[in-house]
Every structure is written in C-alpha cells, then in structure tokens.
C-alpha cells in the first residue's frame, strides 16, 4: 500500500475516510452504493443509513437528470480521474467532485464549493464525446417532456394513460399504470403499446384478465417495498390463471411479453400505484440506466398523478357536501316541481349554487334559488349556512318573499356571517277562485338574482324582470320589494343560476337569450325531461361553473297530463 506505515489495517483507513469533512462514496458496476461516509450523505441530503447498499438511482431519484448525474455517467465511461464542478439543485448547493474507476468501483470524492465564482477558479474541464453529450441531452429532453405532458390534465384516468404513453416512447414496448383507489380498492388504470397493431390485443388482455390470481406478486412487492422489481422472464404458466377465455389467452400470446420492470409510484410519502414496463420479443431486459430513467419518470409522473388524486378528492368532498344540502322537492297537488344540480368540472368552481323547495305551514309552496359569491368547499359550507337560515325563517311564519329576504339580511348582519349571495325567493299559492280556474299566484323577491323565465304552452317565454336589488349579506337593512304574477294552467317557470347562462364563456344577456330559445322549443316536454334537455343542450358534459336549476309547472285542475 503506497504511503502506508506497516501494521495499518483496513479498519484504520475506513475510519479515516468516515471522519473526512469531504464526501467519499464507492459505486459498483450496477450503481449500488457500496459505501458512503456521513459527510457525503449529508451533502446529498440523506442519512448515510438510507443510502448504503441501495441502488443510487432508487435511493436518490432526484439525482436523475442533474449535471451531477451526467458527471457520474461520464466518469464511468472515461479512463482516469474526471473532475466536475457545478450546482446540485436537489440539495441547493454548489459541489466540486472528482471520480475515478478502480477495480470496478467508481470512487467519488466531493465537497461543497463556495459558489460559481469559486468554481470558476478551479474548475477543470473534461472533454466529452459528442455521442455522450447527445445521449444525455436526449434523456434530459425526454424527462422534460414527461414533466410537461403530465401537468396538462387533472383527470386521474387520463393522467394514467398519458404516463403509459410516455413510457412506451423510450422505455418499453408496452406499459401499464395501475393506481390504488379509496380504501385500497383498485383504482384507475391506463395502458399503451408502442406498436399500433398490438394495441387491440393489449386492450383485450387487460380488459379481460382476472385480478388476484397470483400473477401480481411483483406488483405487490414494488408497492410494499417502494423499490423497482424486475422480472427477468415472463412465464405463461404464472399468467395462465388470469386468462379466463381463449380470446384473452390469444391476445396475451400475441403480445409476446418477455421481461418486465415494475416501478412504484410514490409521492408525498405515499405509494399509491405502480408503472409496469414490459419488453417483448428480442428486446433485452432493462439496464440499470434504463431502470434509473424509469424511476425518475415514475417520480415525475407520480407527483402529477397525486395532484390529480387530490383534485378528485376535493371535487368529491365539494360535490358530496353540495348534494347533501339539496333535498328532493315536494310535489303539491296540481303543481309539478323538478330540480337539477350539476357540479363544475373544476372543484375550485364547485359549491356556491343551491335550490330549495318546501311547503309552508299554511299550505303554500316556497321556492328558492341562490348562488353564494365564491367557489370551492368554503362556498359550499357558506351556502349551507345561508340556506338553513333562509329555510328556517321562511318556515317560521307565512310572510311574503320580500319579508323573508329582509329578515335573512338581518340575521346575516347580526351573526356576522360575512358571506354575499344572490337569491330569489318565490311563493306559490292559490285562492279558492284560482284553484277552480287552475291558476296559481306567484309572488317573488330577488336579491340580485337572475330573472325567472315563464314559458307558456304556446311557446312564448316571458322573463319575470324586476328592478335590481342588493345581494344578501350586503349589510343594509332596507326593506325588500315583492312582485306578483299569475300562472295559467300549463305555464312553466324556470329558475336558474349563472352557471347555466354563462356556460361556454357566454355573456349573461346572450346566455338568457339562448336559454329562452331552448325553453320555447322544449316547453311541450314533461317537466323532468325538459330539465334534462335544457342541460344537455346548453351544458353537455361537465360544466364550466356549477349549475342549479328549478322548474315548476302549473297543471290543469282536472289533473290532465302531469309533466
């Protein structure tokens, strides 16, 4: 041993290396971290115990794609010492490193540098071949493409399919992304095949296979350990129990799968799925570098998928809260009532709109439509508070709609609720003379809400316009005004929120004109079908904003043709 006094054993040298203030690490040919001292682990932002004995790309997935990563790959391909200096973003520090391969082990010594000025003084450029540089650039471009593509959607199913499509572009012949659902139930899946001619077989196999037959042990191992798992040979006898029909078996055989690598999907401390990369035919098993790239692809994809999962949960919370507050309407004699609620496509837009319909003690029917200013779960909670206040006040005594809204204003101000909302309250009742003729009295008061539309049996539509008044919760105690009209037999009144008229970024006036035209064309339909068709024509699919819709129809006194 050069420069060593007689009698010094390996333990002495190991202790000396461990005590160095500089980082020292040894990597074998498979990029397993054979040894690293505490200083080196600290520079990389990890305890030494989490690194030693693990694959470098698995233990430090954030290393992939960095300049330090490229330096290590380059050092393994070059004889003699290689020196690098630069910024290591995952640990937010500047590093200076020297690497040299000796007896199959890559020995790396590195230390923290003072910054770009300090580095400029001592940096020793190392020549690299054009092929090396092209390979690194291509890999970094691919990883950047994964990041860009995965942030463009918040739908978990679409995100899973997109990650599989990105994987087959570089890493495998076909890929599957499997996510864990709520309560550990199976969640969304997505898959893709590099060869368009084999996509039908892949669809047949994955749609028809049986789960839980024992061929998913590698997947379970990846989920439990958080580590990539490689299957060097895919044997049909292990897969056979999951192939229930000859069609599925034939599709599986045509895929000609040979080797598989399964990489867990993990984000924010939770493993919630896996990415399976399958090679076919003569394509060899994945190399350590390909596994390292797959780990980084999975890390980037997992973060986007987890964002989509969190988004879905928030959307479900807002929708559940909203639906729990929207009760079925009563069905008085000779008066039909239909209601609809459609949540917005984005959970940030869910939560403010509501409807209500109930009988008052004197037999009149009270109808309410409203929209809390703001969106998301907070708006849904505020909506529930205002709805409860309004419902309790309206049921307490047989007052006019204007009196009800005036009292609600007083409660919101006195309790410092601090929420603004539009609302329209309508009371439908009958005198004995009106009941004989099949007519109904409609009395309403509006707190800044959109005007109801009355559709007559002949197809004409009349808006129930009224002078604008302040929103609920504005903090003023001015008495609100009431308005009255008479509904003839067959008349239909439609109450709605702005999500219906503003769908497709339409202005309010244009949206009301559009709604009026559709209502005129659909007025002959039964009431439930009319509501469905209005939504289908104006807001097919998911809505830009949440929509509340309430429709009431006056039936003839002889009970003919309820709608």
When 289, 150 are arranged by how many other beta-carbons sit within 10 Å of their Cβ, fewest first, they go 289, 150
At q = 0.09, 0.15, 0.16, 0.17 Å⁻¹, what base-10 log of I(q)/I(0) does the Debye formula yield for the stretch 136-316 when every alpha carbon is treated as an equal point scatterer in vacuo?
-0.29, -0.84, -0.96, -1.09
Range of Cα positions in the stretch 454-563 per principal axis (Å), largest first
47, 35, 19
Output the 0 to 90 degree angle, nearest 10, between the alpha-carbon long axis of helix 199-208 and the longest principal axis computed from the alpha carbons of the chain.
70
If you bin the C-alpha pair distances of the stretch 423-504 every 5 Å from 0, what whole percents do you get?
3, 13, 21, 21, 18, 13, 7, 4, 1, 0
Rg and Dmax of the stretch 347-435 over Cα atoms: what are they, in angstrom?
14.1, 49
Rounded to whole Å, √(5λ) for the Cα gyration tensor eigenvalues of the chain, largest first, gives 67, 29, 19
Using alpha-carbon coordinates, inclination of helix 130-150 to the longest axis of the chain, degrees
20
Taking the Cα atoms of the stretch 164-205, report the difference between the largest and smallest coordinate on each principal axis, in whole Å and largest first.
36, 22, 9
In whole Å, how far is the Cα centre of the stretch 269-320 from that of the stretch 351-412?
46
Using only Cα atoms and rounding to the nearest 10 degrees, what angle (0 to 90) does helix 67-77 make with the longest principal axis of the chain?
30
Kirkwood-type radius of the stretch 373-484, with distances r between different C-alpha atoms, in Å:
15.3
In whole angstrom, how long is each semi-axis of the equivalent ellipsoid of the stretch 325-554, when you take the square root of 5 times every eigenvalue of its Cα gyration tensor and sort them from largest down?
25, 23, 15
Estimated 222 nm signal from helices in the chain, with DSSP H stretches of n ≥ 4 weighted -39500 (n - 2.57), rounded to 500
-12000 deg cm²/dmol
Could you state the number of Å between the C-alpha centres of the stretch 53-102 and the stretch 459-500?
69
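Here, each number is a calculation from the coordinates, and none is a lab measurement. It should be emphasised that the depicted structure is a prediction, and the values quoted were computed from it without experimental measurement. Note that each Cβ is placed from the backbone with ideal geometry, even for glycine, and that neighbours are counted across all protein chains shown.
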